[in-house]
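Please treat every number below as a calculation from the coordinates, not as lab data. A quick note: this is a predicted structure, and the numbers were derived from the prediction, not measured. Positions of Cβ are generated from backbone atoms using ideal geometry, with glycine treated the same way; all protein chains shown enter the neighbour counts.
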Amino acid sequence: MKKITATIFIACIFYASFAQQTVNMQINSKANNQKISKYIYGHFAEDLGRCIYGGFWVDSNLNVPKNDRIRLDVVDALKKIQIPDLRWPGGCFADQYHWSDGIGERSKRPVRVNTTWGMVEDDNSFGTDEFLKLCDLIGCEPYIAGNVGTGTPKEMEDWLEYLNYNGKSTLADMRRKNGHDAPYNVSLWGVGNESWGCGGSMTPEFYSNQFKRYAEFCKNYPGTSLKKIASGSNGDDYNWTDVCMKNIPLWMMWGISMHYYTITNTWQHKGSATGFTEEEYFKALKSCLHIEDLINKHSAIMDKYDPQKKVALAVDEWGIWTDAEPGTNPAFLYQQNSLRDALIAASTLNIFNNHCDRVRMANLAQAVNVLQSLILTDKEKMVLTPTYYVFDLYKYHQNAILLPANFYSPDYNFGSDSIPAINASASRDSNGIIHITLVNLDPKNKISVNTSLNGSSWKQTEGQILTSKNFTDINTFDDPNKVKLAAFTDFKKNGDELTVNLPPMSVTLITLK
Ligand code: AHR
């Protein structure tokens with residue numbers, strides 16, 4: 001009798017821990033009031049490590065397809081996921097960058113030391129015109145971060161005249177001489193970067209005055225209305241947001257930024273990008289999901305001064321930051337990218353989508369060879385990371401209408417702690433097609449989602465999935481397709497309901513046509 005009871009007890013525990021859980025999700029398919037800004041899907045390319053030099057901009061004799069020295073396989077990959085904008089030249093580097101160093105004949109450009117990132121020599125061969133060429137090839141908007149830390153308002157004013165003035169002035173003529181007759185019409189404009197830290201160690205009171213001073217000289221040349229973005233808070237520095245929102249007239253800024261990085265352990269010991277335990281997997285996901293709390297709190301402060309939500313919260317740096325790959329220069333921030341990182345990207349993008357009333361811009365750090373990259377390169381070789389595929393799956397949300405999804409998620413428990421196992425977002429595009437992106441963070445359990453779409457009808461259901469056997473799985477130059485997209489068919493339609501069975505550690509896109 002005792003033995004049978006014990007067996008039943010063990011069987012129950014086994015069943016409880018591995019039984020398929022079910023989530024009921026209501027998607028308001030008729031919603032019509034919030035647009036998911038395409039700028040949430042923005043990217044970031046700093047003059048740091050091998051992002052620009054050796055990533056986008058390569059040696060003229062490297063044997064890859066190129067336009068000038070811009071690497072075209074990288075361009076094509078970014079084109080495919082329709083990136084809306086690319087932020088440059090930093091990051092911290094922006095506040096040490098003087099734009100006039102990077103224009104004109106390359107052999108005459110000054111060589112500077114990149115004191116922020118590894119004290120390396122920078123020949124300035126990649127400057128303003130090269131960056132604008134890169135954006136043109138990708139088909140994305142440029143987002144330039146101006147220098148407040150070591151630059152002057154005059155320098156920023158001149159840069160904009162060089163870029164955007166259509167008339168006859170010495171600076172506009174200089175642009176023509178450098179090969180670009182028409183103005184570039186750059187509108188996304190950062191006024192400094194991390195001005196609380198590497199951008200000048202300012203207080204929010206000092207920075208908000210500096211913002212007003214610099215922004216005053218950032219002119220709207222005919223044909224271009226600037227979207228000025230104030231340098232915002234470091235994670236949970238709510239006072240920064242409060243002071244800036246109070247001191248800067250709302251009409252002066254299009255957005256205010258916030259930077260938040262997912263960290264597994266501590267800033268000193270961030271942990272490996274490839275060799276981590278389930279405990280570290282869990283901690284990283286928990287750190288990633290914390291961004292929702294930050295968005296809620298910064299938004300509440302912004303609501304006090306801007307109840308009509310005119311000013312965007314621009315999360316223009318985000319992603320997981322791990323230790324650099326062993327054997328690489330630690331100042332170059334080169335890290336591998338695993339299935340875990342793809343789950344982080346997918347969950348973060350779901351959070352941004354669901355907060356699109358305030359979050360109207362975000363830029364993953366960074367596009368190539370730095371931090372949570374989309375693409376890794378090594379001389380001629382190139383590999384797409386698991387994170388890249390998330391952007392491929394989520395591109396349909398750009399400029400689509402948010403369809404709020406309500407549900408209670410089961411927990412993913414680790415030790416005595418827990419996080420929601422499921423997160424999701426949904427949208428309807430201009431053709432009426434619905435896209436639902438679903439993430440299951442639980443590393444062991446399949447979870448079933450019963451979705452009801454309040455009376456919507458559709459003819460065709462399609463699915464795509466990103467998953468792999470282990471959360472540490474990565475794509476390498478030797479094994480580039482370990483983590484990649486696959487067709488997904490584990491769903492069942494019943495009227496306006498759809499049951500989707502989400503495998504452990506997966507990102508799924510469901511398309512309803
Ligand atoms: O993305 C790397 C660095 O992180 C950026 O230069 C800086 O803005 C942030 O601290």
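In order along the range 342-355, phi translates into HN-Hα couplings of 5, 5, 5, 4, 5, 5, 5, 5, 4, 5, 4, 4, 6, 10 Hz, rounded to whole numbers, per the Karplus curve 6.51 cos²θ - 1.76 cosθ + 1.60 with θ = phi - 60° and x for Gly and Pro.
For the chain, the dipole from Cβ point charges (+1 on Lys and Arg, -1 on Asp and Glu) about the Cα centre works out to 1280 debye, to the nearest 20. Taking every DSSP beta bridge that has both ends in the chain, the antiparallel portion is near 55%. Listed by chain and number, the aspartates and glutamates whose alpha-carbon sits under 15 Å from that of K38, ignoring those within fewer than 8 places in the same chain, are D85, E141, D316, D357, D392, D429. The residue list H180, S100, A31 was ranked by how far each Cα lies along the charge dipole of the chain toward its positive end, using unit charges on Cβ atoms, and A31 comes out on top. Our estimate of slack between D496 and K310, defined as 0.36 nm per intervening residue step minus the Cα-Cα distance, is 63.4 nm. Selection among A215, G275, H298 by position relative to the dipole of the range 214-339 gives A215 as farthest towards the positive end (Cβ unit charges, Cα centre).
Quick one: if the Förster radius is 56 Å, what FRET efficiency do A182 and Q20 give, using the C-beta to C-beta distance and rounding to 0.05? It comes out at approximately 0.45. Dividing the helix sum by the residues of the chain, where each DSSP H run of 4 or more adds -39500 (n - 2.57), gives a mean residue ellipticity at 222 nm of -8000 deg cm²/dmol. Cross-link partners of K459 among aspartates and glutamates, defined as those whose alpha carbon lies under 14 angstrom from its own and excluding same-chain residues fewer than eight positions apart: D496, E497. Between D293 and Y408, the modelled labels are 2.2 nm apart [label points 7 Å from Cα along Cα→Cβ]. In straight-distance terms, cross-link reach from K381 covers every one of the aspartates and glutamates whose alpha-carbon lies under 20 Å from its own, apart from those fewer than eight places away in the same chain; here that gives D59, D68, D73, D76, E325, D473, D478, D479. For S60, S37, S416, the sequence from fewest to most other C-beta atoms within 10 Å is S416, S60, S37. Residue ranges 107-118, 83-94 sort as 83-94, 107-118 when ordered by packing (mean number of other C-beta atoms within 10 Å per residue, highest first). Taking other Cβ atoms within 10 Å as a rough exposure proxy, M302, M174 sort from fewest to most as M174, M302. In the chain, Cα pairs under 8 Å separated by at least six residues give a relative contact order of 19 percent. Less than 10 Å Cβ to Cβ from G102, Lys/Arg counted +1 and Asp/Glu -1: what total charge do the surrounding residues give? Computed value for this residue: -3.
Measuring between alpha carbons in the structure, the pairs from K246/K297; K30/K513; K133/K212 lying more than 21 angstrom apart are K133/K212.
Between N450 and D417, the C-beta separation translates, for a Förster distance of 30 Å, into a calculated FRET efficiency of about 0.65.
Between T511 and T170, the FRET efficiency from the beta-carbon distance, with R0 = 56 Å, is close to 0.60. Each Lys and Arg contributes +1 and each Asp and Glu -1, all at the Cβ; summed about the Cα centre of the range 252-332, the dipole is approximately 340 debye. Here each label is just a point 7 Å from Cα along the line to Cβ, and for S430 and N470 those points are 4.5 nm apart. Which of K219/K309; K286/K310; K283/K446; K80/K108 have a Cα-Cα distance over 28 Å? Exceeds cut-off: K286/K310; K80/K108.
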